[in-house]
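J.: Pasting in a structure now, in structure tokens, and then I'll have a few things to ask.
The values are calculated or read from the model by the stated rules, or taken from the named source; none is laboratory data. Everything quoted here is computed from the prediction, not taken from an experiment. Note: ideal-geometry Cβ built from the backbone for every residue, glycine included; neighbour counts use all protein chains shown.
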Amino acid sequence: MYTALISLLISGFLSATLLPGTSEAGLVLFLYNFPDSWFVVLILLTISNTLGSMTSFFMTYFIPKKSFSGKIESLVKKYGTPLLFFSFLPIAGDALPLAAGWLKLSKFKTCMFIAAGKLFRYAFIIFMFYKINITKIS
């Protein structure tokens, strides 16, 4: 179980960066094999994925700011840190922490909104896993 959990947490961390990852599929597979561990994996995977996004945030936070008129940057400027809730979305979500770091947004607020979005996504996947009751399908 611990090897599977560590692999899932590494996948969760890497999935939140610009590297491709499949933490959602890993989560479903983990729940299939260890269905009673949903709460622990929810908390740990949320933390792991949030740390990955915060790594992206800090990668650009320390770069001197220059004028740049990208679409993601303009969205983050317009809506601020609450937009970072949607950092769980594929492709565009990976760019949100990068833009937030570039714009030097609040570290604490950035982390809280990112974590809330990640928690929402994984809680939804876990809910659907048990709703569909995939363990009885096979």
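J.: Checking T50 against (1) β-branched (V, I, T); (2) within 18 Å of F129 (Cα to Cα); (3) under 11 Å from the mean Cα position of the chain (by Cα): exactly one of these is not met. Which one?
T.: Answer for T50: the failing condition is (2).
J.: Considering F39, F57, which residue is exposed (fewer than 12 other Cβ atoms within 10 Å of the Cβ) and in a helix (DSSP H, G or I)? Talk me through it step by step, then tell me what you get.
T.: Numbers: F57 fails: exposed (fewer than 12 other Cβ atoms within 10 Å of the Cβ).
Just a single option satisfies the conditions, and that option is F39.
J.: From S7, S15, grab the single residue that is in contact (Cβ under 8 Å) with a residue 24 or more places away in the chain and either over 23 Å from F85 (Cβ atoms) or surrounded by 13 or more Cβ atoms within 10 Å (Cβ to Cβ) (or both).
T.: Values: S7 fails: in contact (Cβ under 8 Å) with a residue 24 or more places away in the chain.
Of the residues listed, the single one that is in contact (Cβ under 8 Å) with a residue 24 or more places away in the chain and either over 23 Å from F85 (Cβ atoms) or surrounded by 13 or more Cβ atoms within 10 Å (Cβ to Cβ) (or both) is S15.
J.: If you don't mind, there's one more thing I want to ask. Among the residues of segment 18-35, what is the count of those that are surrounded by fewer than 20 Cβ atoms within 10 Å (Cβ to Cβ), of a type outside the set (G, A, S) and without any contact (Cβ under 8 Å) to a residue 60 or more places away in the chain? Don't jump to the end; show me each part of the working.
T.: Pass one, segment 18-35, residues surrounded by fewer than 20 Cβ atoms within 10 Å (Cβ to Cβ): 18-22, 24-25, 28-29, 32-35.
Narrowing the set further to residues that are of a type outside the set (G, A, S) leaves 18-20, 22, 24, 28-29, 32-35.
Adding the requirement that they be without any contact (Cβ under 8 Å) to a residue 60 or more places away in the chain leaves 19-20, 22, 29, 33-34.
Going through segment 18-35 one residue at a time, the tally reaches 6.
J.: Is it fair to say F30 is over 21 Å from L9 (Cβ atoms) and in a helix (DSSP H, G or I)?
T.: Numbers: over 21 Å from L9 (Cβ atoms): no; in a helix (DSSP H, G or I): yes.
No: the conditions fail for F30.
J.: A further question follows. Taking segment 1-43 on its own, how many of its residues are over 25 Å from I91 (Cβ atoms) and among the polar types (S, T, N, Q)?
T.: Of the residues in that region, 3 qualify.
J.: Another question about this same structure. Somewhere in segment 82-103, is a residue of a type outside the set (A, V, I, L, M, F, W, C), over 30 Å from F129 (Cα atoms), surrounded by 15 or more Cβ atoms within 10 Å (Cβ to Cβ) and modelled with pLDDT of 90 or more?
T.: Quick first cut of segment 82-103, residues of a type outside the set (A, V, I, L, M, F, W, C) only: 82, 87, 90, 93-94, 97, 101.
Adding the requirement that they be over 30 Å from F129 (Cα atoms) leaves 101.
Next, from what is left, pick out any that are surrounded by 15 or more Cβ atoms within 10 Å (Cβ to Cβ): 101.
Narrowing the set further to residues that are modelled with pLDDT of 90 or more leaves 101.
Checking segment 82-103: at least one residue is of a type outside the set (A, V, I, L, M, F, W, C), over 30 Å from F129 (Cα atoms), surrounded by 15 or more Cβ atoms within 10 Å (Cβ to Cβ) and modelled with pLDDT of 90 or more.
J.: With the condition kept exactly as written, say whether any residue in segment 59-68 is within 27 Å of G26 (Cα to Cα) and modelled with pLDDT under 95.
T.: Within segment 59-68, the subset within 27 Å of G26 (Cα to Cα) is 59.
Going one step further and asking which of them are modelled with pLDDT under 95, we end up with 59.
Within segment 59-68, one or more residues are within 27 Å of G26 (Cα to Cα) and modelled with pLDDT under 95.
J.: If we keep just the residues of segment 104-138 that are outside any helix (DSSP H, G or I) and touching a Ser or Thr at 6+ places or on another chain (Cβ under 7 Å), which is surrounded by the most Cβ atoms within 10 Å (Cβ to Cβ)?
T.: Restricting attention to segment 104-138, the residues satisfying the condition of being outside any helix (DSSP H, G or I) are 104-106, 133, 137-138.
From what is left, the residues that are touching a Ser or Thr at 6+ places or on another chain (Cβ under 7 Å) are 105-106.
Working: L105: 21, S106: 12.
By that ranking, first place goes to L105.
J.: Just checking, how many residues over segment 1-46 are more than 17 Å from G117 (Cβ to Cβ) and of a type outside the set (A, V, I, L, M)?
T.: Qualifying residue count for the region: 16.
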